[in-house]
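Read through the structure below, which is laid out as structure tokens, and then see the notes.
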Amino acid sequence: MSGSGKLNLIWFRDEEPAKRLRVRPGWIRAFTYFLVLVVLGAGGGIFTAYEFWRRSQDMQAEKRDVEKRLNETLLKLERLQNIEKLLQTSDASEMAQLLGGLNVDTQAGKAPQAAPNAKSGGKDAPAAKNGTPERERPPGFDLADVMGKVDLGQVGVENFRAKVDAKGIHYGFDLSNLMPQALSGSGQLLAVGRDGGVIPVPTGKEDLGFSIQRFKQVSSQAALPQGVDPGNLYGFRLVLSNASGKTIFSETYPLAQAQ
């Protein structure tokens, strides 16, 4: 160190003259403080960046949750709007059909009434109604096959309604997609007799086919199966299958009884 308080830095290299650098101690302290500040600043920057990233992830999760709730709310609103339109345009008979479809759970617990038998010559025979003998109960009849419900949580069916008149069967329902991706498949309508017999209804190929992103309203008409007496109908069973043919929904809807 020189008399002026400076530090002398001397370094040598082979075949070169010695070199000397005079530095004040204050510059060394300042450089040390600068390095400490740089390290602290870098640490603070890394911590701040992590906090911003964490909060961004939390906000993204909240955004997805809000979007999901919004989509569910919009779907419910759309259903309520369709119900409102139905209430405004339906007559009393259609309203009775709608209420009958909504009361499926209470009606499903009741077993179909057995077909009455008429005695002829001491032997039981199927009773005739309007000249048409009623069908015998199918062998191996199982109430679960007729009244049981299948729901894999992939579609939602609401407001099922059906009416039988001289022109045939008028039916409709609201179909919603409960899956995050588009869903396609097909359906089948079955006529359920009071004796437990099940007969397919000849619907159009495209009537019960579906390929939906969110919601679809089904409304169509079909002919009454040949040999089926409208007075012997208990209701209709709707069966929906996905594109691979697996049943994803199945439920029986009883017809409203005329007063």
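Most tightly packed first, judged by the mean number of other beta-carbon atoms within 10 Å of their residues, the peptides 51-59, 205-213 read 205-213, 51-59.
Taking amide H atoms as placed 1.01 Å from N in the peptide plane, the amide H of residue 215 lies under 5 Å from those of 177, each 5 or more residues away in sequence or on another chain. In this calculation the C-beta distance from residue 145 to residue 220 is compared with R0 = 25 Å, giving a FRET efficiency of 0.50.
In the range 1-89, the alpha-carbon atoms span a convex hull of 152 Å³ per residue. Rounded to the nearest Hz, the phi-derived 3J(HN,Hα) couplings of the range 63-79 under the Karplus curve 6.51 cos²θ - 1.76 cosθ + 1.60 (θ = phi - 60°) are 4, 5, 5, 5, 5, 5, 5, 5, 4, 5, 5, 5, 5, 5, 5, 5, 5, where x marks glycine and proline. Quick check on my link table: of 68/163; 68/216; 167/246; 163/246; 216/246; 85/167, which ones sit more than 26 Å apart, alpha carbon to alpha carbon? Beyond 26 Å between Cα atoms: 68/163; 167/246; 163/246.
Each Lys and Arg Cβ is given +1 and each Asp and Glu Cβ -1; about its Cα centre, the range 1-89 then shows a dipole of about 480 debye. Residue by residue, the range 239-248 carries 3J(HN,Hα) couplings of 10, 10, 10, 7, 5, 8, x, 7, 5, 10 Hz when phi is fed to the Karplus relation 6.51 cos²θ - 1.76 cosθ + 1.60 (θ = phi - 60°); x denotes Gly or Pro. A simple packing score, the average count of other Cβ atoms within 10 Å per residue, orders the peptides 247-254, 164-171 as 247-254, 164-171, with the highest score first.
Pairs of Cα atoms nearer than 8 Å and 6+ residues apart set the relative contact order; for the range 1-89 it is 14 percent. Pop the C-beta distance of residue 71 and residue 241 into the FRET formula with R0 = 30 Å and round what comes out to the nearest 0.05. Taking R0 as 30 Å, the efficiency between residue 71 and residue 241 is 0.75.
Values in this text are rule-based calculations from the coordinates and carry no lab data. Keep in mind that this is a model prediction, so the values were computed, not measured. Quick reminder, even Gly has a Cβ in these numbers, built from the backbone with ideal geometry, and neighbours come from all protein chains shown.
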